[in-house]
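The values are calculated or read from the model by the stated rules, or taken from the named source; none is laboratory data. Just so it is clear, the model here is predicted, and its values are computed rather than measured. Heads up, the Cβs are rebuilt from the backbone with ideal geometry, glycines too, and the neighbour counts pull from every protein chain shown.
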Amino acid sequence: TEFKKFLATIDKTVPEGLDVYIVADNYGTHKTPAIKAWLAKHPRFHMHFTPTGSSWLNQVERWFAHLTEQKIRRGTHKSVQALEADIRAWVKSWNDDPKPFVWKKTADEILDSLSRYLQRITGQTARDQLKQRISEAGH
């Protein structure tokens, strides 16, 4: 698998005395029997998974979206090598002068927006759904 090749590349690249911590989404390919067996044979690798359904928390996805927007969609590359060189230059520039992703809305604004969306698609507010779940759980 592609992920197993990725792990093997990291294993070859990172000096043997160092532990490796990988943060990944909960995608199934990261948890196959082959991957679990590989990880069991490589105890210095420590997997940490983001919670299911929380991709909005995953800032690396935002970073890749930014890269895609800035270099891939806007680019006019005549070859894969030109695209790769442009991406490498962009990553170097980013690493030399990184910019944090800053939340522009408060938690209340985000929850209000989510509540309006839920109201539109389900006819219930987030508060109504929460009350229903609590009631169903017997609390």
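I'm told Lys92 meets every condition in (1) more than 19 Å from the chain's Cα centre (by Cα); (2) in contact (Cβ under 8 Å) with a residue 24 or more places away in the chain except one. Can you identify the failing condition by its number?
Going through the list (1) more than 19 Å from the chain's Cα centre (by Cα); (2) in contact (Cβ under 8 Å) with a residue 24 or more places away in the chain, Lys92 breaks only (2).
Select, from Ala82, Ala37, the only residue that is of a type outside the set (Ser, Thr, Tyr), at pLDDT 85 or above and within 30 Å of Val20 (Cα to Cα).
Ala37
Contact list please: Cβ distance under 7 Å, first residue in the stretch 6-22 and in contact (Cβ under 8 Å) with a residue 12 or more places away in the chain, second residue surrounded by 10 or more Cβ atoms within 10 Å (Cβ to Cβ) and part of a helix (DSSP H, G or I), pairs at least six apart or on different chains.
Leu7/Trp38; Val20/Ile10
To keep it simple, each residue is scored yes or no on (1) surrounded by 13 or more Cβ atoms within 10 Å (Cβ to Cβ); (2) at pLDDT below 80; (3) in a helix (DSSP H, G or I).
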site: Leu18; (1), (2), (3): no, no, no
site: Val23; (1), (2), (3): no, no, no
site: Thr29; (1), (2), (3): yes, yes, yes
site: Pro51; (1), (2), (3): no, yes, no
site: Leu67; (1), (2), (3): yes, no, yes
site: Gln70; (1), (2), (3): yes, no, yes
site: Lys92; (1), (2), (3): no, no, yes
site: Asn95; (1), (2), (3): no, no, yes
site: Pro100; (1), (2), (3): no, yes, no
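So the check is Cβ under 6 Å with 6+ separation or different chains; which pairs have a first residue in the stretch 100-125 that's farther than 30 Å from Leu67 by Cα and a second one that's among the hydrophobic types (A, V, I, L, M, F, W, C)?
Pairs found: Ser115/Ala126; Leu118/Ala126.
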